[in-house]
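A.B. asks: Right, I'll just put the structure down here and ask away after.
The values are calculated or read from the model by the stated rules, or taken from the named source; none is laboratory data. These numbers were taken from a predicted model, which means no experiment stands behind them. Cβ placement follows ideal geometry from the backbone for every residue including glycine, while neighbour counts extend to all protein chains displayed. Keep in mind that these areas ignore ligands, DNA and RNA; they rest on the heavy atoms of the full protein, side chains included. Shrake-Rupley method; radii C 1.70, N 1.55, O 1.52, S 1.80 Å.
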Amino acid sequence: MILHKGRFESFVNRKPLTMTIGNFDGLHIGHRALINKLKYEDSDSAVLTFYPHPMKVLREMSQHQVVTSIEQKIELIEQCGVNHLFLADFDRKTASITKEEFIGILKSLNVIRLVLGVDFRFGQHAKGHIQDLMDEFEVVIVNDIKHLETRVSTTYIKDLIYSGELDKAERLLGRTYSIRGEVIHGDKVGRTLGMPTANLDVDSYVLPPNGVYFVGVIVKGQTYTGALNIGYNPTINYSVKKRVEVYILDFDQTIYGETVEIFFKKYLRAEKQYKSKDELMTQLRKDIEDVKILSSI
Ligand SMILES: Cc1cc2nc3c(=O)[nH]c(=O)nc-3n(C[C@H](O)[C@H](O)[C@H](O)COP(=O)(O)O)c2cc1C
Ligand SMILES: Nc1ncnc2c1ncn2[C@@H]1O[C@H](COP(=O)(O)OP(=O)(O)OP(=O)(O)O)[C@@H](O)[C@H]1O
């Protein structure tokens, strides 16, 4: 896959393209339905997406949470076998590109065919409609992919994750929900409990509810099993900021600064304030036993 990164109006491409356009946060089964329709003999397949997510810029949402980081999105699109990914910088200037200018840029990029969802809008104030594109390009419209009468969308999947419906989110994503984060320094209390944990910086992701999860962990290309806690450590070492920390089974490396990927497999229990450190430790040992059993099934 060729990754074109930069300003939308500055991209250069010679070969004819069949392109789809959107945010594609999550690369869910609806998005994949579009991408799977990009293959034509007469052209290369292409995805156009914007970074940062337009919502972050337009609504000034510094805390806009995502289902896939930009790195994950690039990898997932590449795995779909797409020839070109156009990753356009998104800022106020990009947002002010009119629908006529938008069409002009697509033409200059040699786009001959567009594959789009029925609700597709584009250009300044989302004034451009599919109808405006039909005069200039061949347009393939993909009907909404639904799950039990509900249109699959990133917004819906985010709600499922926030409310802990991870099985359903997994079905709509077509893969286990995973997040990536750098291992940061915690308060190093875990190791004094005989249970060193990796604290993760995963601030930009949609997180499921607080509690303990059975997870898969990828560290330096190797897959491990883990017990992950999302919460505030109410028993010892209370934290005002939400923490995400994982105990990786059969692992004893120092991994500060490494990026690890966490795959949410099963919710185990709520985070709880225990009366003593010993009670917490007894529970943590039980969590690890539960995770061992689940990983052997
Ligand atoms: C699998 C797992 C489950 C946890 N469950 C709880 C819990 O129920 N209640 C709690 O107060 N802390 C819980 N913790 C947090 C520990 O108290 C925490 O690891 C400890 O405070 C170490 O913090 P540190 O990373 O800053 O060293 C859990 C941690 C893990 C890894
Ligand atoms: N369920 C679906 N079925 C078919 N096409 C879809 C579906 N969901 C999104 N698309 C199409 O995929 C492209 C990219 O979608 P985009 O990521 O912008 O929206 P979305 O998944 O609906 O997310 P959000 O909930 O944030 O609006 C658009 O052309 C859109 O119409």
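A.B. asks: Could you tell me whether region 67-82 includes any residue that is over 19 Å from S178 (Cβ atoms) and either out of contact with any Lys or Arg (no Cβ under 6 Å at 6 or more places or on another chain) or not assigned by TED's automatic domain parsing to the domain that holds Y267 (or both)?
C.D. replies: Among the residues of region 67-82, at least one is over 19 Å from S178 (Cβ atoms) and either out of contact with any Lys or Arg (no Cβ under 6 Å at 6 or more places or on another chain) or not assigned by TED's automatic domain parsing to the domain that holds Y267 (or both), which makes the answer yes.
A.B. asks: Checking the condition closer than 26 Å to Q72 by Cβ and more than 26 Å from the chain's Cα centre (by Cα), which residue from Q222, Q273, Q253 passes? Before you say what the answer is, go through the steps one by one.
C.D. replies: Details: Q222 fails: more than 26 Å from the chain's Cα centre (by Cα); Q273 fails: closer than 26 Å to Q72 by Cβ.
None of the other options fit; the residue is Q253.
A.B. asks: Here's another thing I want to ask about it. Considering only residues of region 142-157 that are among the hydrophobic types (A, V, I, L, M, F, W, C) and open to solvent by less than 90 Å² (accessible area, probe 1.4 Å), which is farthest from N36 (Cα to Cα)? Talk me through it step by step, then tell me what you get.
C.D. replies: Taking region 142-157 first, the residues among the hydrophobic types (A, V, I, L, M, F, W, C) are 142, 145, 148, 152, 157.
In the following step, the residues that additionally are open to solvent by less than 90 Å² (accessible area, probe 1.4 Å) were identified as 142, 145, 152, 157.
Working: V142: 11, I145: 13, V152: 16, I157: 20 Å.
This residue is I157.
A.B. asks: If the requirement is being modelled with pLDDT under 95 and either among the β-branched types (V, I, T) or out of contact with any strand residue (DSSP E or B) (no Cβ under 9 Å at 6 or more places or on another chain) (or both), which of these qualifies: E101, E75, E60, E41?
C.D. replies: E60
A.B. asks: Of the conditions (1) of a type outside the set (F, W, Y); (2) away from ligand 2 (no atom under 12 Å from the Cβ); (3) more than 24 Å from the chain's Cα centre (by Cα); (4) open to solvent by less than 50 Å² (accessible area, probe 1.4 Å), V139 satisfies every one except a single condition; which number is it?
C.D. replies: V139 satisfies every listed condition except (2).
A.B. asks: Hey, V212 hits all of (1) closer than 30 Å to G30 by Cβ; (2) modelled with pLDDT of 95 or more but one; which does it fall short on?
C.D. replies: Among (1) closer than 30 Å to G30 by Cβ; (2) modelled with pLDDT of 95 or more, the lone unmet condition for V212 is (1).
A.B. asks: Which ones in region 277-297 are assigned to a helix (DSSP H, G or I), over 18 Å from T197 (Cα atoms) and open to solvent by 90 Å² or more (accessible area, probe 1.4 Å)?
C.D. replies: I293, S296
A.B. asks: Return yes when G174 is out of contact with any Lys or Arg (no Cβ under 7 Å at 6 or more places or on another chain), small (G, A, S) and either without any contact (Cβ under 8 Å) to a residue 12 or more places away in the chain or farther than 22 Å from T259 by Cα (or both) and no when it is not.
C.D. replies: Considered against the rule, which asks whether it is out of contact with any Lys or Arg (no Cβ under 7 Å at 6 or more places or on another chain), small (G, A, S) and either without any contact (Cβ under 8 Å) to a residue 12 or more places away in the chain or farther than 22 Å from T259 by Cα (or both), G174 comes out as no.
A.B. asks: Counting just the residues of region 231-264 that are farther than 21 Å from L294 by Cα and in contact with a helix residue (DSSP H, G or I) (Cβ under 8 Å, 6 or more places away or on another chain), which one comes out surrounded by the most Cβ atoms within 10 Å (Cβ to Cβ)?
C.D. replies: Taking the candidates together, the pick is T235.
Rundown of residues vs (1) in contact with a helix residue (DSSP H, G or I) (Cβ under 8 Å, 6 or more places away or on another chain); (2) within 16 Å of ligand 2 (Cβ to nearest atom); (3) of a type in the set (K, R), yes/no style:
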position	(1), (2), (3)
D42	no, no, no
I77	yes, yes, no
L87	yes, yes, no
K99	yes, yes, yes
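A.B. asks: Any idea which of Y267, Y205, Y224, Y274 is open to solvent by less than 70 Å² (accessible area, probe 1.4 Å), within 24 Å of A169 (Cα to Cα), more than 16 Å from ligand 2 (Cβ to nearest atom) and not assigned by TED's automatic domain parsing to the domain that holds V67?
C.D. replies: Step by step, each of Y267, Y205, Y224, Y274 is checked, and only Y224 is open to solvent by less than 70 Å² (accessible area, probe 1.4 Å), within 24 Å of A169 (Cα to Cα), more than 16 Å from ligand 2 (Cβ to nearest atom) and not assigned by TED's automatic domain parsing to the domain that holds V67.
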